[in-house]
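Okay, so here's the structure we're looking at.
The values are calculated or read from the model by the stated rules, or taken from the named source; none is laboratory data. Being a predicted model, the structure only gives us computed values, none of them experimental. Please note: Cβ atoms are built from the backbone with ideal geometry, for glycine as well, and neighbour counts cover all protein chains shown. Protein only, heavy atoms only, side chains kept; ligands, DNA and RNA dropped before computing areas. Shrake-Rupley method; radii C 1.70, N 1.55, O 1.52, S 1.80 Å.
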Amino acid sequence: MAFDSFGDFVYRLEAMGELRRISQPVATELEITELADREMKRPGGGKALLLEKPTVNGVPSPFPVAINTMGSSKRMALSMGADSVDDVAAELGSLMKAKPPTSVGDALKLLSTAIELRHARPKVVKDGPCKEVIQKFDAPATRREPWPAAPGVDGPSPATSPGPTLLNLPILKCWPLDGGRFITLPCVVTKDPDTGERNVGMYRIQIYDDRTTGMHWQLQKVGARHGRRYYETGTRMPVSVFLGGDPMFAFAATAPLPDGLDEFLLAGYLRRKSVELVKCETNDLEVPANADFVIEGYVDPQEPLRDEGPFGDHTGFYTLPEPYPVFHVTAITHRRSAVYPATIVGIPPMEDFYMGAASVRLFLPVFKMNFPEIVDIALPAEGVFHNLVFVSIRKTYPMQAYKIMHGLWGMGQMMFTKYVIVVDDDVDVHNTNEVLFRLCANTDPQRDAIFTRGPADVLDHATSAVGVGSKLGFDATRKLKGEGFPRPWPPLIKMDPAVKAKVDQLFSGKID
């Protein structure tokens, strides 16, 4: 299901009973974070929040703020227009297993699949609602007739709304020691200067003043790789940042796609409708026509780096200041009825846990194509995305668990994983109690653990050097003779199924 704007998605959440409106003024400085953090810590992720009257330095913002919109399994599925993320993953998995047709029936089925995929490729259009208000910083703001607004979500009126700047957008200061305000749900568009391949990444953006920000693309990110090429040539790098629009844009920006695969292609597939793109006003990049906000600009390789941070990060700790490129803003455009999308990160569980879990479900078929023995994968909330990974396998030969560990460490952002625990196929990896039981019961620490070294998340404060660290894998599977285990492996204690059924029948409804 495609959403025409972020407000359209917010209204859908409200209609489904998944959103709570906050009508009283709430400060963008810390107060929205406290409110959202309490909601995110509720069982199942709580509700999405629409703050109708956010204030910036005590002054009401012309734009409402929506937060925690994808912070539950149900809302993640709703953002994809599906009953569950597993349904979408199954569809993608069946598509990836498509083989050349061997009969007319197979050919028709494959043709149907191909037709369904045609909507995925993005297309360029001449104009879009993201340009209802245009503020170029060398010219006055201009306003045009609005596209129809989403019902139930009112944005600022043209008569009262000032020209957009980084200082009147309801950008959050999330935590007390943060170095300033941060855009927390930005989709950052860059292009490879050599190949022209586009990337959409999500890198936090610290506001320095009304015209400049930090650009926190980390060492191993694609945006940073694009930036290095511009720094090598000394040429100015065009960058555009958009917020809102269909929620699949933000999800695709966080998805662990291979370098070179266009995130708009994934977004188009997930929303079952091609992403319409418009050319920016002050650079040649393209952004979704139905985005709520677009911030255009550039990074100048001739300019010194500037300290960015501190920032209360998804690790649960503050990321300390580090030098990053400066992003210069040349224009801001937006919908007249724009809704500002935000999130917060910190001590888990947070909204990002549900986004990360959805990515794992969606790309599990990719993992299984490379490693057919994998049954399931989970990233527990306590592992803050990739620090801790549980994986279950159908073990058929010695040392298979170690093959899986090394294989996962070699796949994209899995390279950041500190701890991998491999268990047998009868373990529910989404039940941490089960995994820890097997870890403690099935391992000899010296025999069943392996240390290795590799790239680390630059946000990890525990590593001795930035971006470099060690990793630990545990083989918590049953041991085979071929692994040097000479003793018989005992069976797991289980009750006889017939006895369980009889007791169920005898005492159904009589025993609490």
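Among the residues of segment 449-477, those identified as part of a loop (DSSP other than H, G, I, E, B) and hydroxyl-bearing (S, T, Y) are T463, S464, T477.
Restrict the check to segment 20-31 and report whether at least one residue is under 20 Å from the mean Cα position of the chain (by Cα), touching a residue at least 40 places away in the same chain (Cβ under 8 Å) and open to solvent by 10 Å² or more (accessible area, probe 1.4 Å). Looking through segment 20-31, none of the residues is under 20 Å from the mean Cα position of the chain (by Cα), touching a residue at least 40 places away in the same chain (Cβ under 8 Å) and open to solvent by 10 Å² or more (accessible area, probe 1.4 Å). Out of all the residues in segment 281-299, is one or more among the β-branched types (V, I, T), in contact (Cβ under 8 Å) with a residue 24 or more places away in the chain, in a loop (DSSP other than H, G, I, E, B) and touching a helix residue (DSSP H, G or I) at 6+ places or on another chain (Cβ under 6 Å)? Looking for residues that are among the β-branched types (V, I, T), in contact (Cβ under 8 Å) with a residue 24 or more places away in the chain, in a loop (DSSP other than H, G, I, E, B) and touching a helix residue (DSSP H, G or I) at 6+ places or on another chain (Cβ under 6 Å), one finds none in segment 281-299, hence no. Considering segment 370-430, the qualifying strands (runs of 3 or more DSSP E), each wholly inside and each with 1 or more residues that are within 19 Å of A449 (Cβ to Cβ) and either touching a helix residue (DSSP H, G or I) at 6+ places or on another chain (Cβ under 9 Å) or at pLDDT below 95 (or both), run over 388-393, 419-424.
For the residues M70, M96, M80, M40, the requirement of being open to solvent by less than 10 Å² (accessible area, probe 1.4 Å) and modelled with pLDDT under 95 singles out M80.
The residue that is surrounded by the fewest Cβ atoms within 10 Å (Cβ to Cβ), among those in segment 250-280 that are more than 17 Å from S5 (Cα to Cα) and at pLDDT 95 or above, is K279.
The residue that is nearest to M215 (Cα to Cα), counting only those in segment 263-313 that are under 19 Å from the mean Cα position of the chain (by Cα) and of a type in the set (G, A, S), is G312.
Here A462 fits the description: open to solvent by 60 Å² or more (accessible area, probe 1.4 Å), among the hydrophobic types (A, V, I, L, M, F, W, C) and closer than 22 Å to G346 by Cα. The set of residues in segment 170-220 being charged (D, E, K, R), modelled with pLDDT of 95 or more and open to solvent by less than 50 Å² (accessible area, probe 1.4 Å) consists of D178, R181.
Please work out if T319 is within 27 Å of I347 (Cα to Cα), open to solvent by less than 20 Å² (accessible area, probe 1.4 Å), of a type in the set (S, T, N, Q) and at pLDDT below 95. So T319 passes the test.
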